[in-house]
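The values are calculated or read from the model by the stated rules, or taken from the named source; none is laboratory data. Since we're looking at a predicted model, the values are computed, not measured. Reconstructed Cβ throughout: ideal geometry from the backbone, glycine too, with neighbour counts over all protein chains shown.
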């Protein structure tokens with residue numbers, strides 16, 4: 001139990017420490033810790049978590065630490081994981097604020113952020129791609145070449161949602177609700193499609 | 001100067017309320033905080049809030065937690081920061097605990113399972129859209145360097161499963177070296 005709590009703390013400490021750029025920047029880090037390293041969630045469960053996080057208020061990191069923590073070690077797990085997640089913020093924000101008010105110079109910080117931004121974009125793209133492959137080919141998405149095995153409902157939903165987002169810039173929550181409604185209805189009416 | 005208890009309570013209530021009703025996360029909370037703490041309560045000036053927002057975004061972790069730390073500290077020191085953090089993390093902590101406890105039961109429900117499955121495609125589209133927007137933003141001023149970084153990192157993480165930790169540390173190092181090199185040449189960014 002203690003070891004599990006320590007593991008939770010350390011994993012989310014890394015998430016909190018490395019997720020620079022806010023919001024979606026944390027997603028690939030959470031995926032790495034929770035799915036690849038510790039196997040606390042399957043990729044499908046992780047995708048559910050991102051969906052839930054998108055539809056509820058609060059930062060994705062806190063949402064994830066609570067969700068994973070409670071499933072692995074109950075309420076203590078949720079609290080320990082959340083603490084691990086915010087501890088680096090507390091320390092680094094205070095340090096940066098101190099230097100900023102002392103020197104009023106953000107040049108080095110800006111320089112670092114400039115080269116971090118492309119990295120964050122690439123990491124998000126990679127996490128997004130793994131979710132896309134999951135919804136098109138299911139859990140064992142290695143056989144990408146098998147075009148005939150593609151899930152047609154997911155493909156239509158993805159393409160139309162993407163075009164809608166690019167053209168009209170609707171809010172993500174609205175997009176999720178509409179895809180959930182129409183796709184859900186199709187899956188319920190034709191269960192063999194899923 | 002001792003901070004009256006009323007200030008802590010107000011700080012807690014404000015951050016709790018903001019966190020509970022801010023959907024979409026991240027930067028959305030900054031204008032709302034500005035409205036609350038600058039316009040309504042008059043606890044700080046607008047340019048302070050903007051500096052806090054920039055600092056919060058430059059720091060690791062959730063932007064809303066970071067802004068709360070700075071605002072709380074500015075208003076009532078370390079205890080203020082603690083109160084602001086508590087107010088910010090309690091709503092998602094409570095809500096997600098409940099969702100997490102019911103998740104298995106929730107997931108076995110046929111209707112919810114179908115809706116969640118369909119939403120996978122939706123979230124994939126949302127993330128793809130965000131990646132495209134962010135990719136455009138980072139290639140606005142400069143082209144070659146961000147593209148090389150993006151492609152290299154993408155290949156490293158997606159095809160070679162390189163640990164994200166090393167990739168981020170490497171990018172920070174590149175950023176430091178580039179900044180030093182530019183400063184040496186006398187260029188500004």
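Taken together, the residues in the range B:123-147 that are more than 21 Å from the chain's Cα centre (by Cα) and under 23 Å from residue A:32 (Cβ atoms) amount to 1.
Listed here are the residues, each with its yes/no results for (1) closer than 29 Å to residue B:8 by Cβ; (2) buried (at least 21 other Cβ atoms within 10 Å of the Cβ); (3) touching a residue at least 12 places away in the same chain (Cβ under 8 Å); (4) touching a helix residue (DSSP H, G or I) at 6+ places or on another chain (Cβ under 6 Å).
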residue	(1), (2), (3), (4)
B:65	yes, yes, yes, yes
B:77	yes, no, yes, no
B:98	yes, no, no, no
B:110	no, no, no, no
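When B:50, B:11 are checked against the criterion of being surrounded by fewer than 24 Cβ atoms within 10 Å (Cβ to Cβ) and out of contact with any strand residue (DSSP E or B) (no Cβ under 8 Å at 6 or more places or on another chain), a single residue qualifies: B:50. Consider the range A:160-176. How many of its residues are part of a helix (DSSP H, G or I) and free of Cβ contacts under 8 Å to residues at least 60 places away in the same chain? Residues flagged as part of a helix (DSSP H, G or I) and free of Cβ contacts under 8 Å to residues at least 60 places away in the same chain within the range A:160-176 amount to 11. Could you say whether any residue in the range B:120-138 is touching a helix residue (DSSP H, G or I) at 6+ places or on another chain (Cβ under 6 Å) and over 25 Å from residue A:56 (Cβ atoms)? Yes, the range B:120-138 contains at least one residue that is touching a helix residue (DSSP H, G or I) at 6+ places or on another chain (Cβ under 6 Å) and over 25 Å from residue A:56 (Cβ atoms).
With respect to residue B:108, determine if the residue is facing another protein chain (nearest Cβ under 9 Å), more than 30 Å from residue B:18 (Cα to Cα) and at pLDDT below 90. So residue B:108 fails the test.
Condition check ((1) within 13 Å of chain A (Cβ to nearest Cβ); (2) modelled with pLDDT under 85; (3) assigned to a helix (DSSP H, G or I)) across all residues:
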{"residue": "B:22", "(1), (2), (3)": "yes, yes, no"}
{"residue": "B:31", "(1), (2), (3)": "no, yes, yes"}
{"residue": "B:39", "(1), (2), (3)": "no, no, yes"}
{"residue": "B:44", "(1), (2), (3)": "no, no, no"}
{"residue": "B:48", "(1), (2), (3)": "yes, yes, yes"}
{"residue": "B:54", "(1), (2), (3)": "yes, yes, yes"}
{"residue": "B:70", "(1), (2), (3)": "yes, no, yes"}
{"residue": "B:76", "(1), (2), (3)": "no, no, yes"}
{"residue": "B:81", "(1), (2), (3)": "yes, no, yes"}
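Does the range A:115-129 hold any residues that are without any contact (Cβ under 8 Å) to a residue 40 or more places away in the chain and within 16 Å of residue B:169 (Cβ to Cβ), and which are they? Residues satisfying the conditions are A:115, A:118, A:119, A:122. Is it the case that the range B:128-150 has a residue that's facing chain A (nearest Cβ under 7 Å), surrounded by 20 or more Cβ atoms within 10 Å (Cβ to Cβ), touching a residue at least 24 places away in the same chain (Cβ under 8 Å) and part of a helix (DSSP H, G or I)? Yes, some residue in the range B:128-150 is facing chain A (nearest Cβ under 7 Å), surrounded by 20 or more Cβ atoms within 10 Å (Cβ to Cβ), touching a residue at least 24 places away in the same chain (Cβ under 8 Å) and part of a helix (DSSP H, G or I).
The residues on offer are A:87, A:113, and the sole one that is surrounded by fewer than 24 Cβ atoms within 10 Å (Cβ to Cβ), in a helix (DSSP H, G or I) and more than 7 Å from chain B (Cβ to nearest Cβ) is A:87. Hey, can you tell me all the residues within the range A:160-181 that are more than 7 Å from chain B (Cβ to nearest Cβ) and either under 14 Å from residue B:118 (Cα atoms) or in contact with a strand residue (DSSP E or B) (Cβ under 9 Å, 6 or more places away or on another chain) (or both)? Selection gives A:160, A:174, A:177, A:178, A:181.
For (1) over 23 Å from residue B:88 (Cβ atoms); (2) in contact with a helix residue (DSSP H, G or I) (Cβ under 7 Å, 6 or more places away or on another chain), each residue gets a yes or a no:
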{"residue": "A:40", "(1), (2)": "yes, yes"}
{"residue": "A:45", "(1), (2)": "yes, no"}
{"residue": "A:60", "(1), (2)": "no, yes"}
{"residue": "A:65", "(1), (2)": "no, yes"}
{"residue": "A:70", "(1), (2)": "no, yes"}
{"residue": "A:84", "(1), (2)": "no, yes"}
{"residue": "A:93", "(1), (2)": "no, yes"}
{"residue": "A:98", "(1), (2)": "no, no"}
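From the list A:17, A:29, the lone residue that is in contact with a strand residue (DSSP E or B) (Cβ under 7 Å, 6 or more places away or on another chain), facing chain B (nearest Cβ under 9 Å), assigned to a helix (DSSP H, G or I) and touching a residue at least 60 places away in the same chain (Cβ under 8 Å) is A:17. When A:80, A:68 are checked against the criterion of being more than 28 Å from residue A:133 (Cβ to Cβ) and either surrounded by fewer than 21 Cβ atoms within 10 Å (Cβ to Cβ) or more than 7 Å from every other protein chain (Cβ to nearest Cβ) (or both), A:80 stands alone in meeting it. Of all residues in the range A:40-58, those satisfying the criterion of being more than 7 Å from chain B (Cβ to nearest Cβ) and more than 21 Å from residue B:65 (Cα to Cα) are A:40, A:41, A:42, A:43, A:44, A:45, A:46.
Filtered by the rule that a residue be part of a helix (DSSP H, G or I), more than 8 Å from chain A (Cβ to nearest Cβ) and surrounded by fewer than 16 Cβ atoms within 10 Å (Cβ to Cβ), the range B:156-179 gives B:166, B:169, B:173, B:177.
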